[in-house]
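Let me begin by presenting the structure, written as structure tokens, before commenting on it.
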Amino acid sequence: MLEDAVVRKVLGAALATGGEWAEVYAEDRLSHNIRLEDRRVEELVTGRDRGVGVRVVKGTASAYAYTNRLDTDALLEAARVAAAALREPPAAQVADLRRREPGVRHPVAVDPATVQRTTLAELVRRADDAARGYDPAVAQVTAGYGDVRQQVLIANSEGFSTLEDRVRTRFVVQVVAARDGVVQTGFDGPGRSMGFELLDEFPPEEVARRAAERAVAMLASKPAPAGQMPVVIASGNGGVLFHESSGHGMEADLIAKEASVYTGKQGTRIGDERFNGVDDASVEGAWGSFAFDDEGTPAQRTVLFEAGVCTDYLTDLIRARQLSLPASGNGRRQSYAEVPIPRMTNTYVLAGGDDPDEIIRQTPRGLYAKSLGGGQVNPVTGEFVFGVVEGYLIENGEVTTPVRGANLVGDGPSVVAAVDALGDDFTVKEGICGKEGQGVPVGNGAPTMRISQMTVGGTGGPA
């Protein structure tokens, strides 16, 4: 997107006032989105956005400027604006740029840009028909398709550049079901770092039926009980809990500020020796994957827990140097208009060897959380409250009555310590993670897992 000679010139201008290192981040983004609601296509948008950000860093401080013009004068002006934060003699020079080659690639079989818009309209209509045909109780359906092709060039004054073409595709369905005054919702939204072939793996009818099934199942629910009890979390959903309750606390900006419950916990045993957790941006085709992070660090697998021991944190370049840790490839940003910060990618609790059905059979009484919703987390203490979108009672080792309004209450380290069973049925849920006003795609994975004792909030009386 930019010639090396221009990039070097911009980096040189950024370093002119005493910066230790500088970076150029150029992005060209093409996206397509379609949304159907109440049987009508309400939105069909093609968007194109491109621009360049220039960052100057000295110690743990940085200055940032960006422009949506790619001509040399505009780029140099952005570099001068960023450099204006410092008033010192030049302290670094621009090294020769060497192109880093990716260690992982995410192949695209069908370029989404080649798909006709009429085909996309047909997809969301098929989803609407399938959801409404599942049960007469389905009252409202929202179906959406989105793809993005993001070309990214990153160059660092210390001597490297990267060039990456990222493609992501997602299909989502949300269903509202109503019966006898009870209203419930269901959602499903698979996404991958791949092209339009996603729809071969996840046909619209299947996505819609899963969303409808979840909504309709909860119509027969009763208020959830409250109190301490074992909680079995269905495959995939434990990753959502791990992401929020522990993953954010292991991001290095919070560690550096000593604003995380996991500060100073490296080498400390927290969970059972069967508990292993990782963050891995190198998983081929995964929703949160890439070849390089948004600072040009190669995608990699970072072990967060090994045999129950807290091992590593998730770093960007600034915090890696501040904490004397390796750069883990977790510097991410929403767009060229944002600065990179430590973020998760694909955060997984690894599978164990337990039979998922046996986990339930060995739980005399408790809650089966089949699907989790949103929640609130305090990374300083690790304390969280998580909503259960689809939940059931476990009675005499069997999943029985659906319950609504359940909330899971606890803190990250305590939950890790209380995990006493891990299934062999690992799956992943996709989502968008928000932090400091920036949203980035993430994968959350886990097998069926049991937390031996946990506080459940509900309105159905004591458990």
**Report entry** Geometric extent, Cα atoms of region 163-225 - Rg, Dmax (angstrom)
**Finding:** 15.7, 56
Report task. At 7 Å along the Cα-to-beta-carbon direction for both T401 and A337, put a label point, then send me their distance in nm to one decimal. Result -> 5.0 nm
Report summary line: HN-Hα couplings for region 347-357 via Karplus (6.51, -1.76, 1.60; θ = phi - 60°), in whole Hz with x for Gly/Pro, come out as 10, 10, 8, 6, 5, x, x, 8, 6, x, 5
**Report entry** Gain on full stretching of the segment that runs from D424 to M1 - 0.36 nm per residue minus C-alpha separation
**Finding:** 147.8 nm
Query raised in the report: Lys pairs in region 223-457, Cα-Cα under 25 Å, at least 8 apart or on separate chains: how many?
Result: 4
Report summary line: Subtracting the Cα-Cα distance of V385 and L44 from 0.36 nm times their residue separation yields 119.2 nm
Query raised in the report: Taking Cα centroids, how far is region 259-282 from region 1-73 in Å?
Result: 33 Å
**Report entry** Mean separation of Cα contacts under 8 Å, 6 or more apart, over the residue count of region 223-457: relative contact order %
**Finding:** 31 percent
Report summary line: Amide H neighbours of N330 at under 5 Å, excluding residues fewer than 5 places away on the same chain, with H built from the backbone geometry, are T315
Query - From phi via Karplus (6.51, -1.76, 1.60), per-residue ³J(HN,Hα) for region 280-292 in Hz, x at Gly/Pro - result: 9, 8, 9, 5, 4, x, 6, 4, x, 8, 6, 8, 9
**Report entry** Burial ranking of peptide ranges 208-215, 43-50, 120-127 (average Cβ count within 10 Å, highest at the top)
**Finding:** 208-215, 120-127, 43-50
Report summary line: For region 414-424, Karplus-derived ³J(HN,Hα) couplings (6.51, -1.76, 1.60; θ = phi - 60°; whole Hz; x for glycine and proline) come out as 5, 5, 4, 5, 8, 5, 10, 7, 9, x, 9
**Report entry** Two-site label geometry, N378 and A139: point separation in nm, points 7 Å out along Cα→Cβ
**Finding:** 3.6 nm
Requested in this report: With a/c under 1.5 counting as rounded, go ahead and sort the chain into rounded, prolate or oblate using the C-alpha gyration tensor (a ≥ b ≥ c being the square roots of the eigenvalues; past the cut-off, prolate if a/b is larger than b/c, else oblate).
Outcome: oblate
Query raised in the report: Given Cα pairs under 8 Å that are at least 6 residues apart, what percent is the relative contact order of region 29-121?
Result: 19 percent
**Report entry** All lysines inside 26 Å of K9 as judged from Cα atoms, apart from same-chain residues fewer than 8 positions distant
**Finding:** K58
Query raised in the report: Relative contact order for the chain using alpha-carbon pairs under 8 Å, separation at least 6, rounded to a whole percent?
Result: 16 percent
Requested in this report: Could you tell me, in Å, what Rg and Dmax come out for the Cα atoms of region 218-294?
Outcome: 16.9, 48
Query raised in the report: Points 7 angstrom from Cα along the Cβ direction at Q322 and K222: gap in nanometres?
Result: 5.2 nm
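Readers should treat all values here as calculations from the given coordinates under stated rules, not as data from a laboratory. On a predicted model such as this, the values are computed, not experimentally measured, just so you know. Here the Cβ is made from the backbone with ideal geometry for all residues, glycine too, and neighbour counts use every protein chain on show.
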